[in-house]
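The values are calculated or read from the model by the stated rules, or taken from the named source; none is laboratory data. Predicted model, so just to flag it, every value in this text is computed and none were measured. FYI the Cβ positions are ideal-geometry reconstructions off the backbone, even for glycines, and counts take in every protein chain you see.
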Ligand SMILES: NC(=O)c1ccc[n+]([C@@H]2O[C@H](COP(=O)([O-])OP(=O)(O)OC[C@H]3O[C@@H](n4cnc5c(N)ncnc54)[C@H](O)[C@@H]3O)[C@@H](O)[C@H]2O)c1
């Protein structure tokens, strides 16, 4: 059986990815620090759960994963603390990339709704700063 780790499993997207992976036969470790997530989202989650902060806690328990799903970026536009954003969004993901590199663990990164819902890039459109 393949092993998947879903980071941000108590969030909207992570909880739904985790459910789908389990349905498809994956062994799933769900990880969350409840920054914005809720137990309601994982009430029927059938995998293993770890309460952990991927920006600072050990990642060693992910070593036998085949894939990591990074679904834990802070997306709330009312969060104005830039340091918190950098640690949670940039530093956490950088740590995961570093950890996965030599172990050949695939990473799935959720892009931003600002990208997926905006006008597609056009070569005729001037670049914005
Ligand atoms: N919801 C959308 O419409 C949408 C669209 C496009 C992309 N995305 C992306 O998908 C991802 C998830 O979005 P969402 O809407 O599910 O957000 P969400 O806030 O519902 O879920 C994020 C989860 O990550 C957890 N978390 C935050 N920091 C953590 C940390 N350091 N360690 C462990 N867990 C942590 C939170 O507690 C929460 O459960 C984000 O990266 C977001 O940019 C969301």
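For residue 84, the criteria (1) assigned to a helix (DSSP H, G or I); (2) more than 18 Å from residue 108 (Cα to Cα); (3) at pLDDT 95 or above; (4) more than 8 Å from the ligand (Cβ to nearest atom) hold in every case but one, which is (3).
Selection within segment 37-50: residues that are touching a residue at least 12 places away in the same chain (Cβ under 8 Å) and in a helix (DSSP H, G or I). The member of this set that is surrounded by the fewest Cβ atoms within 10 Å (Cβ to Cβ) is 39.
Of everything in segment 1-18 that is more than 15 Å from the ligand (Cβ to nearest atom) and within 20 Å of residue 58 (Cα to Cα), the residue that is surrounded by the fewest Cβ atoms within 10 Å (Cβ to Cβ) is 3.
Applying the selection to segment 19-36, what residues are modelled with pLDDT of 95 or more and either assigned to a loop (DSSP other than H, G, I, E, B) or within 11 Å of the ligand (Cβ to nearest atom) (or both)? Spell out how you get there, then give the answer.
Taking segment 19-36 first, the residues modelled with pLDDT of 95 or more are 19-34.
If the condition is that a residue be modelled with pLDDT of 95 or more and either assigned to a loop (DSSP other than H, G, I, E, B) or within 11 Å of the ligand (Cβ to nearest atom) (or both), then 24, 25, 26, 30, 31, 32, 33, 34 are the ones that fit.
Selection of segment 51-76 for residues being more than 9 Å from the ligand (Cβ to nearest atom) and either part of a strand (DSSP E or B) or in contact (Cβ under 8 Å) with a residue 60 or more places away in the chain (or both) yields 64, 65, 66, 67, 68, 69.
Just to check your reading of the model, which residue among 114, 127 is at pLDDT below 95 and in a loop (DSSP other than H, G, I, E, B)? Before the answer, list the steps.
Numbers: 114 fails: in a loop (DSSP other than H, G, I, E, B).
It is 127.
Would you call residue 92 crowded, with 20+ Cβ neighbours inside 10 Å and either in contact (Cβ under 8 Å) with a residue 60 or more places away in the chain or within 16 Å of the chain's Cα centre (by Cα) (or both)? Considered against the rule, which asks whether it is crowded, with 20+ Cβ neighbours inside 10 Å and either in contact (Cβ under 8 Å) with a residue 60 or more places away in the chain or within 16 Å of the chain's Cα centre (by Cα) (or both), residue 92 comes out as yes.
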